[in-house]
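Here's the structure, in structure tokens; my notes come after.
Taken together, the values in this text are just the output of simple stated rules run on the coordinates, not laboratory data. Remember, predicted model here, so these are calculated numbers, not experimental data. In this analysis, Cβ positions are derived from the backbone assuming ideal geometry, glycine residues included, and neighbour counts consider all displayed protein chains.
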Amino acid sequence: MRMSKLHLVFGGRVNDPRTLEFADPSKLEVVGIFADYASAEKAWRANAQRTVDDAEMKFVVVHLHRLLEPELLAPPAA
């Protein structure tokens with residue numbers, strides 16, 4: 001039985017806009033968990049657009065299903 005393809009959207013202030021090093025992880029904004037990538041992307045886009053004028057704010061989509069079922073990413077055993 002396979003699980004849903006869950007996606008987490010969150011963001012916060014980064015030390016350097018070229019990285020994902022969050023300045024204060026305790027202040028991360030969790031947007032939500034979504035059952036499909038399209039919904040997660042829509043939420044990510046809305047939040048990224050909302051903070052577009054602040055270069056130090058960054059929102060990301062994390063594929064939770066890849067973290068919860070890493071064996072699905074591994075190449076088949078020979």
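Stretching Ser4 away from Arg45 to a fully extended chain increases their span by 12.6 nm, per 0.36 nm per residue minus the current alpha-carbon distance.
Principal axis analysis of the Cα atoms in the stretch 5-63 yields extents of 30, 22, 18 Å, listed in decreasing size. With a cut-off of 12 Å between beta carbons, the residues surrounding Phe22 carry a summed charge of -2, where Lys and Arg count +1 and Asp and Glu -1. Which aspartates and glutamates, if any, have their Cα less than 15 Å from the Cα of Lys5, not counting same-chain residues under 8 positions apart? Reachable aspartates and glutamates: Asp36, Glu41, Glu69, Glu71.
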